[in-house]
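Here is the structure we will look at.
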Amino acid sequence: MEWRRQRDAWLHERGLVVQGMADVSYEEYRRIEREEPQRVLRRPQGEGAPRG
């Protein structure tokens, strides 16, 4: 998907990561999450939560 490639390039330029990026393995993501949490882009608290 083109939008995903563009998103990944945008994040890479800024030194950010999200789970599922094409060039970041799960192990590398977990390492970054543990050692450099400021680089992990997350949804704001409360948004995206399952609704009952």
Give me the compactness ratio for the chain, meaning the Cα radius of gyration over 2.2 N^0.38 Å. 1.25
Helix-derived mean residue ellipticity, 222 nm - over the chain, DSSP H n ≥ 4, -39500 (n - 2.57), to 500: -13000 deg cm²/dmol
Over the chain, what is the mean sequence separation of C-alpha contacts under 8 Å (at least six apart), divided by residue count, expressed as relative contact order in percent? 29
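Readers should treat all values here as calculations from the given coordinates under stated rules, not as data from a laboratory. All values reported here derive from a predicted model rather than from experimental measurement.
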